[in-house]
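The values are calculated or read from the model by the stated rules, or taken from the named source; none is laboratory data. Fair warning: this is a prediction, and the values are worked out from it, not measured in the lab. Cβ placement follows ideal geometry from the backbone for every residue including glycine, while neighbour counts extend to all protein chains displayed. We work out accessible area using only protein heavy atoms, side chains counted, and drop any ligands, DNA or RNA first. Shrake-Rupley method; radii C 1.70, N 1.55, O 1.52, S 1.80 Å.
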Amino acid sequence: MKLADYTKEFKYNWRLASPVMLGMLGHTFVTFVDNIMVGQLGTAPLAAVSLGNSFMFIAMSLGIGFSTAITPLIAEADAENDFDKGKRSFKHGLFLCTVLGILLFALVFFAKPLMYFMKQPEEVVALAIPYLDLVAASLIPLVIFQGFKQFSDGMSMTKYPMYATLLANIINIILNYVLIFGKFGMPQLGIIGAAYGTLASRVIMVVYIWILLKKNNRSNSYVSKIHLFNLDKRVLKKVFNLGVPNALQMFFEVAIFTAAIWLSGLLGKNPQAANQIALNLGSMTFMVAMGLSVAAMIRVGNQKGLKRYFELRRIAFSIFLFGIILAIGFAILFFIFHKQLPKLYLDYNDAKNAVDNREVIKMASKLLLVAAVFQISDSIQVVVLGALRGLQDVKIPMFLVFVAYWIVGFPLCWFLGKANMYGSTGIWIGLLAGLTTAAILLYIRFDYLSKKLIMKETINS
């Protein structure tokens with residue numbers, strides 16, 4: 001095939017993926033705003049938000065990962081014009097997301113004492129625990145929102161989650177400013193103010209996306225009269241069996257980045273703060289790849305429903321190529337601005353914390369050089385994973401991801417990240433190894449499955 005056979009899909013892929021990118025960036029932007037505003041209070045509060053969010057990232061990965069089971073089911077039903085099948089998938093997915101959100105809240109809330117056994121700096125733990133109490137509660141509306149979001153994505157209505165997330169971010173920024181710094185007569189709550197802002201914005205996010213879907217003629221009948229507790233065990237099992245491997249796939253990846261936070265905490269509060277800066281910047285570019293991953297999930301799911309397997313492979317490869325091009329662009333930006341970007345997070349002219357701030361910025365600059373390199377691996381692995389989810393192939397990829405991150409990546413993070421080795425930079429080299437291994441293994445899996453489907457299509461025709 002010619003290059004033009006792939007590049008001609010870029011425009012539609014971008015139109016489908018860009019709202020998802022903005023919506024996913026919105027989730028990360030909440031953390032970005034929290035980090036910048038809290039960073040003005042000093043390195044210890046910034047490290048506390050990092051530690052608290054490390055627990056949240058694990059829980060969020062399970063919730064968001066599980067919810068992705070809804071998208072390919074809706075995309076397939078939409079391509080088949082089967083309303084009943086689509087509504088059943090959505091209702092059962094939303095029910096499971098609601099239950100999971102409540103369970104994750106309880107898990108994080110009662111897991112807080114683990115901080116005392118993790119050898120983290122005492123001043124950081126003291127600040128992190130009350131912050132986590134409030135932020136944990138936001139998991140319930142967040143995972144419910146994901147149920148609506150994944151349904152909307154599956155219907156190729158990717159703008160609605162973007163609108164809801166943008167509104168939530170505006171509210172979060174306003175509440176953060178008012179409550180963290182005590183503006184307009186409100187008490188100065190510090191990092192607790194950031195937690196209140198996150199909780200309120202996520203509740204509003206759920207309400208707003210439901211209103212948008214309710215007003216749309218295509219989605220109104222799906223989100224009305226849901227009868228959430230009138231369940232079919234067969235459909236429940238199907239969504240559950242797709243959702244659990246998806247949740248574990250995302251968990252294995254997020255958990256290794258969370259482990260990086262904890263390992264950096266063993267090196268001290270400044271390495272931990274530097275890790276948080278690099279991780280937050282890397283997360284924002286990752287959300288762009290996540291947008292393409294959702295586009296791959298939707299389009300592959302559509303083609304699967306239509307049983308057009310040759311087109312399925314061509315479209316998937318067009319998205320892979322698009323992701324690589326964007327990743328190279330981000331890698332160049334990280335490389336060029338690796339010294340300037342960390343300065344966004346800390347007050348470089350703060351005389352009181354000048355020594356700590358400059359040390360953190362220096363460390364974060366080095367980490368961004370490694371992050372620049374793994375942009376490509378990270379993009380490939382998540383976009384290919386989206387295509388595999390579109391095929392509803394989830395169990396084998398789950399094992400491949402586990403091998404990449406926990407058999408290859410984590411041991412290198414632990415060994416190279418010791419203080420007498422390469423410290424924080426060594427931790428990130430381990431992350432790079434895990435991401436690269438995942439990209440290779442997942443690509444091999446998709447290549448095998450898509451060729452197998454094309455062969456089947458050829459024989460049948």
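Of all residues in the range 170-191, those that are modelled with pLDDT under 85 and among the polar types (S, T, N, Q) total 2. Looking only at the range 63-101, count how many residues are under 28 Å from Trp262 (Cβ atoms), of a type outside the set (Ser, Thr, Tyr) and at pLDDT 90 or above. Residues in the range 63-101 being under 28 Å from Trp262 (Cβ atoms), of a type outside the set (Ser, Thr, Tyr) and at pLDDT 90 or above: 5 in total. One residue alone among Val401, Val360 is under 28 Å from Leu242 (Cβ atoms) and either open to solvent by 40 Å² or more (accessible area, probe 1.4 Å) or assigned to a helix (DSSP H, G or I) (or both), and that residue is Val401. Of all residues in the range 172-187, those satisfying the criterion of being open to solvent by less than 80 Å² (accessible area, probe 1.4 Å) and assigned to a helix (DSSP H, G or I) are Asn172, Ile173, Leu175, Asn176, Val178, Leu179, Ile180, Phe181. Looking at this structure, is Leu281 surrounded by 21 or more Cβ atoms within 10 Å (Cβ to Cβ) and in contact (Cβ under 8 Å) with a residue 24 or more places away in the chain? So Leu281 passes the test. A count restricted to the range 82-101 and to residues that are in a helix (DSSP H, G or I) and free of Cβ contacts under 8 Å to residues at least 24 places away in the same chain stands at 3. Close Cβ contacts (under 6 Å, 6 or more residues apart or on different chains) running from residues in the range 326-339 that are within 15 Å of Ile277 (Cα to Cα) to residues that are open to solvent by less than 90 Å² (accessible area, probe 1.4 Å) and of a type in the set (Ser, Thr, Tyr) comprise His338/Ser365; Lys339/Ser365.
Conditions (1) open to solvent by less than 10 Å² (accessible area, probe 1.4 Å); (2) modelled with pLDDT of 90 or more; (3) of a type in the set (A, V, I, L, M); (4) more than 28 Å from Ala77 (Cβ to Cβ), marked per residue:
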site: Asn302; (1), (2), (3), (4): no, no, no, no
site: Leu306; (1), (2), (3), (4): no, no, yes, no
site: Ile328; (1), (2), (3), (4): no, yes, yes, yes
site: His338; (1), (2), (3), (4): no, no, no, yes
site: Leu344; (1), (2), (3), (4): no, no, yes, yes
site: Val355; (1), (2), (3), (4): no, no, yes, yes
site: Ala364; (1), (2), (3), (4): yes, no, yes, yes
site: Val370; (1), (2), (3), (4): no, no, yes, yes
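Considering only residues that are free of Cβ contacts under 8 Å to residues at least 40 places away in the same chain and among the basic types (Lys, Arg), which ones fall in the range 404-461? Those that are free of Cβ contacts under 8 Å to residues at least 40 places away in the same chain and among the basic types (Lys, Arg): Lys418, Lys452. For the range 108-120, filtered to residues that are surrounded by fewer than 20 Cβ atoms within 10 Å (Cβ to Cβ) and in contact with a helix residue (DSSP H, G or I) (Cβ under 9 Å, 6 or more places away or on another chain), the residue that is nearest to Pro141 (Cα to Cα) is Phe109. Quick one: would you say Phe105 is open to solvent by 10 Å² or more (accessible area, probe 1.4 Å) and under 22 Å from Ser138 (Cβ atoms)? Criteria met by Phe105.
Could you give me the residue pairs with C-beta distances under 7 Å whose first residue belongs to the range 292-321 and is of a type in the set (Asp, Glu), whose second residue is surrounded by 24 or more Cβ atoms within 10 Å (Cβ to Cβ) wherever it lies, and which are 6+ apart or on separate chains? Sorted first by the residue in the range 292-321, then by its partner, the pairs are Glu311/Gln303. The set of residues from the range 158-167 being of a type in the set (A, V, I, L, M, F, W, C) and modelled with pLDDT under 90 comprises Met162, Leu166. Out of Phe57, Phe90, Phe83, Phe66, I need the residue that is within 23 Å of Lys237 (Cβ to Cβ), within 23 Å of the chain's Cα centre (by Cα), open to solvent by 10 Å² or more (accessible area, probe 1.4 Å) and of a type in the set (A, V, I, L, M, F, W, C). Which one? Within the list Phe57, Phe90, Phe83, Phe66, the selection yields Phe66. Residue-level check: of (1) at pLDDT 75 or above; (2) more than 16 Å from the chain's Cα centre (by Cα), Ile36 misses just (1). When Thr258 is tested against (1) under 15 Å from the mean Cα position of the chain (by Cα); (2) farther than 24 Å from Gly86 by Cβ; (3) crowded, with 23+ Cβ neighbours inside 10 Å, only condition (3) is not met.
Among the residues of the range 365-398, those identified as over 19 Å from the mean Cα position of the chain (by Cα) and not in a helix (DSSP H, G or I) are Leu391, Gln392, Asp393.
Only a single item in (1) open to solvent by 60 Å² or more (accessible area, probe 1.4 Å); (2) hydrophobic (A, V, I, L, M, F, W, C); (3) touching a helix residue (DSSP H, G or I) at 6+ places or on another chain (Cβ under 8 Å) is not met by Leu3, and it is number (3). Look through the range 152-166, keep the residues that are open to solvent by 20 Å² or more (accessible area, probe 1.4 Å) and touching a Ser or Thr at 6+ places or on another chain (Cβ under 8 Å), and return whichever of them is nearest to Leu142 (Cα to Cα). Top of the filtered list is Tyr160. Only residues that are among the charged types (D, E, K, R) and under 15 Å from Leu432 (Cβ atoms) were counted in the range 356-412, giving 2. Cβ-Cβ contacts under 9 Å between residues 6 or more apart (or on different chains), taken from a first residue in the range 55-81 that is of a type in the set (Asp, Glu) to a second residue that is part of a helix (DSSP H, G or I) and surrounded by fewer than 22 Cβ atoms within 10 Å (Cβ to Cβ), are listed as Glu76/Lys85; Glu76/Lys304; Glu76/Gly305; Asp78/Gly305; Glu80/Gly305; Glu80/Leu306. For the range 188-246, the set of residues classified as closer than 13 Å to Lys87 by Cβ and open to solvent by 70 Å² or more (accessible area, probe 1.4 Å) consists of Arg218, Lys225, His227, Asn230, listed by residue number.
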